[in-house]
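Participant: To start, I am sharing the structure in question, which I have written as C-alpha cells.
The values are calculated or read from the model by the stated rules, or taken from the named source; none is laboratory data. Just so you know, these numbers come straight off a predicted model, no measurement behind them. Ideal geometry is used to build each Cβ from the backbone, glycine not excepted, and the neighbour counts take in all protein chains shown.
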C-alpha cells in the first residue's frame, strides 16, 4: 500500500499511516486503501483490536488533500464526499475495538476519522485536535455529524464544530474528547497496552454491543453505501 502499512502485533492490528510528511491527507486512492484495510480486518474472526497510528511525530491526519481536490473536476466533489462518508461509516462500525494513537495534528477529516474510532489517545505536548470546517467553508454531511456527535462531551463538541477551536492533547483529555494524553515516548506503548487488553474482549459480543450503541449510524447504511 502506498500510504499506509498494516501489520499484526500479537492480537493487535497496527495500521501505520506512512505519508506523515504529507500530513497523511485524503485522496481517492488513500480512502480506497482504508476500505481495503477494513475489508482485510473484518474478514478475520479471532479476538483482536486495531490501532491506527502515524509515522510522523507532527501529523496524525489532517483530512482532505485540498491541493489534490482542487485539481479534480468540480462534479467529482460530491462523489469524493460520499467516499469519505463510506470510510467513516466503516470505521465507526468495524467488528473489533478500534483505537487512535494520535501522534500529532488531527484536523478536519482526520479528526472525524478519529471520532469514528472507539477510543483515542493523544500526544500531550504537541499537536492539535480541530474541526476547522466552519473556517474552511466545508460543511459536514449527515453521516459526519453523527460521527462527531459520538464524542462524549456535547458541550465541547458544540464549541469545536461551531468555532473551529483547537485543543491540545491535555485539554482534549480533560474535556473527554480523547481518552488520555501522554508524552511522546509513552504514547504508543500506552496505546498498545490498552489495545491488548481490549483485544481480550469477545469479538462477536463487542461488535453487537458497539453496533447497537451506534444504531443512529447503522441506520444510515442505505444512504452511505448506495452506489
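Participant: Hey, residue 88 hits all of (1) at pLDDT 95 or above; (2) surrounded by fewer than 23 Cβ atoms within 10 Å (Cβ to Cβ); (3) touching a helix residue (DSSP H, G or I) at 6+ places or on another chain (Cβ under 9 Å); (4) part of a helix (DSSP H, G or I) but one; which does it fall short on?
Facilitator: Here residue 88 meets the rest and fails (2).
Participant: Confirm whether residue 143 is buried (at least 20 other Cβ atoms within 10 Å of the Cβ), in contact with a strand residue (DSSP E or B) (Cβ under 9 Å, 6 or more places away or on another chain) and in a helix (DSSP H, G or I).
Facilitator: no
Participant: Kindly state which helices (runs of 4 or more DSSP H) lie completely within region 154-221 and contain at least 1 residues that are modelled with pLDDT of 95 or more, farther than 17 Å from residue 118 by Cα and in contact with a helix residue (DSSP H, G or I) (Cβ under 7 Å, 6 or more places away or on another chain).
Facilitator: 154-163
Participant: Kindly indicate whether residue 94 is surrounded by 18 or more Cβ atoms within 10 Å (Cβ to Cβ), touching a strand residue (DSSP E or B) at 6+ places or on another chain (Cβ under 8 Å) and part of a helix (DSSP H, G or I).
Facilitator: The answer is no for residue 94.
Participant: Would you confirm whether or not region 99-113 contains a residue that is closer than 21 Å to residue 217 by Cα, surrounded by fewer than 20 Cβ atoms within 10 Å (Cβ to Cβ) and touching a helix residue (DSSP H, G or I) at 6+ places or on another chain (Cβ under 8 Å)?
Facilitator: Taking every residue of region 99-113 in turn, none turns out to be closer than 21 Å to residue 217 by Cα, surrounded by fewer than 20 Cβ atoms within 10 Å (Cβ to Cβ) and touching a helix residue (DSSP H, G or I) at 6+ places or on another chain (Cβ under 8 Å).
Participant: Check 177, 209, 161 and return the single one that is surrounded by 17 or more Cβ atoms within 10 Å (Cβ to Cβ) and over 26 Å from residue 16 (Cα atoms).
Facilitator: On inspection, the qualifying residue turns out to be 161.
Participant: Go through region 42-52 and give me each residue that's buried (at least 19 other Cβ atoms within 10 Å of the Cβ) and either free of Cβ contacts under 8 Å to residues at least 24 places away in the same chain or closer than 15 Å to residue 91 by Cβ (or both).
Facilitator: 49, 50, 51, 52
Participant: Let me ask something else. Got a number for residues in region 7-21 being surrounded by fewer than 16 Cβ atoms within 10 Å (Cβ to Cβ), modelled with pLDDT of 95 or more and not in a loop (DSSP other than H, G, I, E, B)?
Facilitator: 3
Participant: Right, another one. Looking at region 165-180, is at least one residue under 15 Å from residue 102 (Cα atoms), free of Cβ contacts under 8 Å to residues at least 12 places away in the same chain and out of contact with any strand residue (DSSP E or B) (no Cβ under 8 Å at 6 or more places or on another chain)?
Facilitator: yes
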